[in-house]
Structures are given as structure tokens and as C-alpha cells.
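What follows is a set of notes on a single structure, which appears directly below.
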Amino acid sequence: MFKKILIANRGEIAVRVIRACRELGIPSVAVYSDVDRAALHVSKADEAYPIGPAPASESYLNIPKILQVAKRSGANAIHPGYGFLAENSKFAQACAEAGIKFIGPTAAAMEMMGSKTRARQEMLKAGIPLVPGTARGLESFDEAEQVAAKVGYPVMLKAAAGGGGKGMRLVGSPEELRSALEAARSEAQRSFGDSEVYVEKYIVNPRHIEMQVLADQHGNTVYLGERECSIQRRHQKVLEESPSPIVDPEMRRRMGEIAVRVAQAASYTNAGTVEFLVDQEKNFYFLEMNTRLQVEHPVTELITGLDLVHLQIRIAAGEKLPFTQDDVRWRGHAIECRIYAEDPDNHFFPSPGKITLLVPPAGPGIRHDSGTYEGWTVPIDYDPLLAKVIGYGSDRGQAIMRLQRALFEYFAAGIKTNISLFRRILRDPDFQAGKLDTGYLERLLARPAESPGQDAHAREVAALAAGLFAALSPDGSGAATASKNGASTPPASNWKRAGRTETLRT
Ligand code: MV4
């Protein structure tokens, strides 16, 4: 087993990995940028080292600096978390060359999946169902025209170096193709330094369902079930759940066996996720493979009872998978809400700042993976993901109830968060009925939200909050704050006043 693990990340995922290290009795090393000196992951690790200024390019993406800290601290393995260097094959290669084990797949497997056209060619060879289209990059406009005519419009142009929604163009008719191809090429060149573009048939209102896989270095590969990830906004996932409301045991087995074949075709090791697009007839097509531990891995952990980070570490250390496919059982239902520091009432603008008050969710069936604490200042420099609340229940209905209760308890002040968005999703009849696709959230947000004024409960809470605010207010507004000479107005009067105001209003 490793003698020490460096976590090349920050926030909730760094805390998650540090916890796994402590459970396994492996000392952990945190790294932090100048603005993260007081971050939670720094205090949870056994050791912590500064790696540079706030910009990620100078700290969390600084490969030489991170390897230098690994050597200096005596770490012989690195967990990259997600984002930052997690899918950087050059980093995986640099770790291998420095004699440090990268806890993830090999650089070769990452490279294959990093190029969407290379992945499509390999998967075509392996007989994996792909969205109809070209497997290679387009050579000419004529080729684009022929393929598009063959698969039928609308089609989608995608950058080979893209993924996650970047560098895509929807083309509705042959007349639009030439300008769309030029635009896609120049965008791909600008964004990725690579103008290679391919074409796919456009799947209308698909679901996005992914399959978790795990492969050891001895040829054993298993699937751990799907996650329904259709609820996203601008290619940023917001809520994920498992099982998917539309996947039955038969479909899970077919999708799982295909995901295992994808992993095997790539000689994949460690934890990975195979993404599928699912059309309205429940046909599914390979989209891409994510070569990392994903943000939403806890939903799979809750319904399988497995610890994916423990397993990642054990696999990287050369151990065999301690179970077979037949041992994997799925039980209950889990739903994850991603809590972002952004304002849902103002175009989801980022909302950094000091968390002045924090009441985290807890209680039966609730897991809270957080990178924050009360008094901490959320920096503007990184991804705004603060925490994840994962609700577990014996069935979907119970998971929803528990999450609604937990989100009712959850309170963060000083910054804006998207917690209210989840209250809205969880009570939406379409969500409750499992009627989801990748257009779901946009449709929900296009409908006017019920204003708090129409909600008797929210009004009551507003009255209580006003009373508390007045009672605690240090200004001269007659609020009940102890003055220097010890005199104070009884707080009861503020409660009475707030109550009276409320009564007059209704
Ligand atoms: C598609 C598609 C429809 N048809 N490809 C967006 C992210 C990128 N990884 C692939 N994406 C899509 N590819 C074809 N042929 C629709 C999407 C898509 C989407 C996919 C997954 C999750 C959310 C999405 C939101 C909009 C579009």
C-alpha cells in the first residue's frame, strides 16, 4: 500500500479523498494556492504545502510544482480528484516518469478517450453502438454533406478535441452546413488548438445516462450501475440520481456490459464513466468516456454500498477487485444536489464571499460532502461548487422526501446559493414522475417561479427572519442590542412588532 498520498485538488473532492486516506491509515498531503490557505481540505490533511498564486494555471495546474511537493513530502501516489489535472495525460505520464503512482487510468487510456474521433474509431472496431455519423475527422465539405444526407438532418458538428458541450454546432438543413462547418472549425481551433471536426446525427431531447465502471490491473472489469444526469444547465450538471427512472434491470445489464466492453477496448484501469445518449425509444449510444472519478460518484456509492475512492486507491496499488460482477447489488435510490455559490435569481451569477452563517443538512439518509465551513470566504478563482447533498432512501419517493427535508434545514448566509432551485425541482410534478431529458431544466426555468408571497409558509419564515434581524441589528432602529451601559430593549418587543406587521399585511 502507498506510504503517503498527495491530493492534487481542493474543495469538497480533496476533503473526500483525504477522508478515504484516513480511513485506510494512509497519511495525506494537501496542496493549496495563496487564496486557499484557510480552506477546509488544508486542515483535514496530515500535511499541507503552498503551491503558488490563486490562478489555477500557477497552482493546481502547475505540474512541476506538484511533483516537487510530492517528492519533498515523501508521497508515492497522487490522487487528482476531478477537474484540474485529472484528465491530463501529460500529468499522468509525468507522474509515471517521476516514480509516483497516478491514482487513475494510464496516460494511454486517457489519450484515447481524450480524442473523440479516436475514441469513436476504437469503439466502432469494438462493436460499440455509436450515434450514427463519422468516426474520423471530416476531410472536406463534400464528405460532411454526404454523411449528413445519409444520417439525415438535423446533424451535429462536434470538435474532436471537445467534449462536455464545447465546440458543437447544430445544423438543421443542408443550406446551413457550409457556414456551420466553418464556424465549428474555427471555434475548435481557437478553443483547443485543433480544428478537427466530425459529424453525428442529432438526437432530439435525449437523456444523458452514464455507467460507472471499475477495472483492476489484472483484467477484471465491473459495472456499478447507471446515473441519470439529464438535469443540467449549459452543460453543467445540477442533479444526478441512481437508478435512472427509465432503466430497468434488463437495460442496466445491457448498458453495463457495453460499458465494460468500452473499458476493455481502451485497456482501461481504475474508476471511469461511460456516457450514453438515450433517445425517446430508449436506444442508447456511446458518447464519450470520462477518465476520472466524477463529482456524482456518491450516488453510486450509496446504492451499491461500495467506497469508490478506497477502491481507486487499492486498484492503483495493484490489488485485485475484491468482488465480482455477480456480487454487485443495487439497493434503494440516491439523488445528489450540487450546491453552487451562484444566484439563481440573477442569471446564476457566481456569488463568492464570506459564509457568515452555515447550518448544514444532516439526519436520516443524508450525506453532505462539503468543502466549506462557517466563517470561510469562498474565493472567486475556481469552480463555484461548494458542496453536494445526497439523499438516500429505500425508494425514489423516500429519497425525495428526505432531500426536501434536508434542503429545508440547509441554511447558508453571506453568499447566494442555488439551494432554492432544488426545492423547486424536487416538488415539480414532472421531476416526481421521472419525466426527464436534457431540456428539462431549461423548461422548468422558463416557467415563472411561484413568488414567496404566494406561499404561506415562506411568508411566515420571512416574518420570523425579519423579527430576528431586527432583534440582532446593532443600528439605532430600536433593535434590542445590549448597549455599552448594559441597557437593552427586551427582544420580545421586536417579535411582537414583526408579528403585528405580518398580521397587518395579510
Ligand atoms: C449530442 C446531442 C444530441 N445529438 N449529440 C452535449 C455535451 C456533449 N458531451 C455532447 N452533448 C450532446 N451531444 C448528438 N448527436 C445532445 C447533446 C447535449 C447534451 C448531452 C448530454 C447532457 C446534456 C446535454 C445538453 C444539451 C445537448
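The values are calculated or read from the model by the stated rules, or taken from the named source; none is laboratory data. Predicted model only: the values in this text are computed from it and were never measured. Reconstructed Cβ throughout: ideal geometry from the backbone, glycine too, with neighbour counts over all protein chains shown. Note: areas computed on protein heavy atoms with side chains; ligands, DNA, RNA excluded. Shrake-Rupley method; radii C 1.70, N 1.55, O 1.52, S 1.80 Å.
Here are a few things to note about the model shown:
- The one condition in (1) open to solvent by 40 Å² or more (accessible area, probe 1.4 Å); (2) modelled with pLDDT of 95 or more; (3) among the aromatic types (Phe, Trp, Tyr) that residue 422 fails to fulfil: (1)
- Among the candidates 368, 333, residue that is under 19 Å from the mean Cα position of the chain (by Cα) and either open to solvent by 50 Å² or more (accessible area, probe 1.4 Å) or closer than 22 Å to residue 251 by Cα (or both): 333
- Inspection of the stretch 262-280 finds a residue satisfying the criterion of being surrounded by 21 or more Cβ atoms within 10 Å (Cβ to Cβ), in contact (Cβ under 8 Å) with a residue 40 or more places away in the chain and in a helix (DSSP H, G or I).
- Check on residue 239, within 16 Å of the ligand (Cβ to nearest atom) and buried (at least 21 other Cβ atoms within 10 Å of the Cβ): yes
- Members of the stretch 115-141 found to be within 16 Å of the ligand (Cβ to nearest atom), of a type in the set (D, E, K, R) and either loosely packed, with under 14 Cβ neighbours inside 10 Å or closer than 15 Å to residue 285 by Cα (or both), listed by number: 116, 120
- Only listed residue being β-branched (Val, Ile, Thr) and open to solvent by less than 10 Å² (accessible area, probe 1.4 Å), chosen from 258, 315: 315
- Meets criteria (at pLDDT 95 or above and out of contact with any strand residue (DSSP E or B) (no Cβ under 8 Å at 6 or more places or on another chain)) for residue 249: yes
- Any chance residue 191 is open to solvent by 40 Å² or more (accessible area, probe 1.4 Å), of a type outside the set (Asp, Glu) and either more than 16 Å from the ligand (Cβ to nearest atom) or assigned to a loop (DSSP other than H, G, I, E, B) (or both): no
- Exactly one residue out of 233, 227, 207, 178 is modelled with pLDDT of 95 or more and more than 30 Å from residue 340 (Cβ to Cβ), and it is 178.
- Considering the stretch 142-180, the residues that are part of a helix (DSSP H, G or I) and under 25 Å from residue 289 (Cα atoms) include one that is nearest to the ligand (Cβ to nearest atom), namely 151.
- Whenever a residue of the stretch 85-108 is free of Cβ contacts under 8 Å to residues at least 24 places away in the same chain, its partners that are among the small types (Gly, Ala, Ser) and outside any helix (DSSP H, G or I), lying with C-beta atoms within less than 8 angstrom and at least six residues away or across chains, give the pairs 92/104.
- Of all residues in the stretch 243-288, those being hydroxyl-bearing (Ser, Thr, Tyr) and within 16 Å of the ligand (Cβ to nearest atom) number 3.
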